[in-house]
Amino acid sequence: MTSWIAGIVGIVVVGVLIDILLPEGDSNKYIKGIYALIVVFIVISPIAKLANGDINIDNIIQNDDTYCEIDDTFVQSVNNDRKNQDIQKITNSLKINGFSQAKVSIFLSTSNIYMIDRVNIDITDCTQNSADCAQKIIDIVNKCVNCEEVKIYDYK
Amino acid sequence: MIKFKIVTVSILTIMALSLFSINCFAQNETEEKLEESIDDSLSDLNLSELEQWFNENLNDKDIIPSSLKETIQSIIDGEFTYDAKSFFSLILNSITANITSVIPIILALFAIALLYSIVSSMSSNFLKSSTKEIIYFVCYSAMITIILGKVASLVVASSSVVKSMQSLMDKAFPVLLTLITALGSVSTSTVFQPLTAILSNTIVNLVLNIVMPLFITSVIIGIVGNLSKNIKLDRLTKFFKSTSNFILGGLFSIFVTFLTMQGLTGSLADTISVKTAKFALQSYVPLLGGYLSDGLDLVVAGIILIKNSTGIIILIMIMASIAVPVIQIGVFSLALKLLSGLVEPVCDNRFSSMLYTVSKNLGTLISVILGIGFMFILTVMLVIVCCNLGVA
């Protein structure tokens, strides 16, 4: 493109010089006609290059697949905060329903997105038996968080 | 009977007061927990690259007075004020400084035009009319040397602003997308990732590699076209200007359409899923519903506040980085238009035409900066508006 612009600038300067230096006479109009043809030729010269398909789009747009990396450490830290908050929430809810000694642990999925895979409830220290109140505990947990699986442990 | 009324009113008042105090206590406790959550999240958030960009490119204490984390905290606390007065005083200062820097160039150009006018008025005494053409050629060359020097510096400034905006995007989007991912908005995050890559990579590179060369070509051909009376290149200049405008307009339209469609779809999917979770909580746990759903939002609410405050700071950074070059180009363009008007009655029409062509072409340069800035602002604003799960 630079050479093309330089060509146009050059031919226009030559045209000005022709105007200044060319003597009056019959040959004047022929010289100006030839000059006009040269100008047109220079102006349309990049079209030939375009028609040949010489333009490489990769030179214009560089693809970068590694762009925009997410800070996994921060996301994990927020997920941990949310996990602790959910543990607190389930513990409080269980306490209100009479399982004050229940121990809650939450297992998250391995992805970045906060998803609870499993909730473990240990009611060993509680007075109730797991056989009697399993469904009640599962209901309480499901009301607090969305999770696939609730496991209840009772080592009494 | 009166005693009974007094006792009833007293009991009701005491009940109302106790309910109010319980409510206030719960509110204070929630606020404290929220502040604690924000402090924790903010200390974990990595803003070092964004801070480095600000120090390298702007570093203006009038724009952001303290460190980014402190500023985010002050926005969340509602202490950060950015009034219209200080913003306009910054713009006015920049305009005044640019006018002062443009005055010598305009005076020099006007002096050359006047000189040509004086010399050409004596041309009736010259033997050949071509002598007048030589004088025109010399004066015109002197003028374009001065103008091209300034235009080249503006092109360099514009390219560097576009590149610095690209670098800001590279630093800002990972932070914003990290915050969106932390909110659990998987659809929005998946949508924004390719979108921001298209903006930062494809569009900026297309503008830098196609629109900017077209602008330079348009300016040069516009100047050269007025060199001779016989060679007219006006239509060619218009062709390049139209092509660059067409590419810019096309890029912006496609991007905005894509952004609107994808952004809405992604955020809608996330909002629906989260609202379903909240609805389930509130409807199935009647007594605890309020407490639980409020508790659900504490960490998330903190992240939303941080996301929106970071977005606001990024918006301020974008506006501050594009304001100066846009004012610079705008002032020079207006000055050239004024000069074109002043020169028109005193000397050759070609001078005035050349000045006006350059001034009109500078509009493309402003469009480039404003267009990329606008797309960037739109994306950041969409990030601010999207994924406000608790409040949407």
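Looking at the stretch B:32-123, the trypsin sites (Lys or Arg not before Pro) that sit in a DSSP loop and have at most 10 other Cβ atoms within 10 Å of their own Cβ are B:K61. Near B:F240: Cβ cut-off under 13 Å, other residues only, Lys/Arg at +1 and Asp/Glu at -1. The net charge is +3.
Based on C-alpha pairs under 8 angstrom that are at least 6 apart in sequence, chain A has a relative contact order of 16 percent. Label separation (A:D72 vs B:K232): 6.7 nm, computed from points 7 Å beyond Cα along the C-beta direction. Cβ-to-Cβ counts within 10 Å put B:M317, B:M122, B:M212 in ascending order as B:M122, B:M212, B:M317, the fewest first. Taken one residue at a time, the phi angles of the stretch B:48-56 give Karplus couplings (6.51, -1.76, 1.60, θ = phi - 60°) of 4, 5, 5, 5, 5, 4, 4, 5, 7 Hz. Gly and Pro are set to x. Spin-label model, B:K69/A:S105: points 7 Å from Cα along the beta carbon direction are separated by 3.2 nm.
Listed cross-link partners B:K150/B:K171; A:K29/B:K132; A:K83/A:K143; A:K89/B:K33; B:K163/B:K337 are compared with a 23 Å cut-off, the Cα-Cα value being larger for B:K150/B:K171; B:K163/B:K337. Taking amide H as placed 1.01 Å from N in the peptide plane, the amide H of A:K151 sits under 5 Å from that of A:V119, A:N120, A:I121, each at least 5 places away or on another chain. Per-residue shielding of B:223-236, expressed as the average number of other chain Cβ atoms within 10 Å of the residue Cβ, stands at 4.
The slack in the chain from B:T260 to B:S167, taken as 0.36 nm per residue of separation less the alpha-carbon distance, amounts to 31.1 nm.
Angle check, please: helix A:130-144 long axis (alpha carbons) against the longest principal axis of chain A (alpha carbons), in degrees 0 to 90, nearest 10. It is inclined by approximately 30 degrees. When A:Y153, A:Y114, A:Y35 are arranged by Cβ crowding within 10 Å, least crowded first, meaning fewest neighbours, the order is A:Y153, A:Y35, A:Y114. Modelled spin labels at B:L370 and B:N55, positioned 7 Å past Cα toward Cβ, are 3.5 nm from each other.
Of the residues A:T124, A:I152, A:V75, the one whose Cα sits farthest towards the positive end of the charge dipole of the stretch A:67-156 is A:T124 (charges of +1 on Lys and Arg Cβ, -1 on Asp and Glu Cβ, taken about the Cα centre).
Read the figures in this text as sums done on the coordinates, not as results from a lab. Bear in mind the structure is a predicted one, so any value in this text is a computation, not a measurement. A quick note on method: Cβ atoms are made from the backbone with ideal geometry, for glycine too, and the neighbour counts reach across all protein chains shown.
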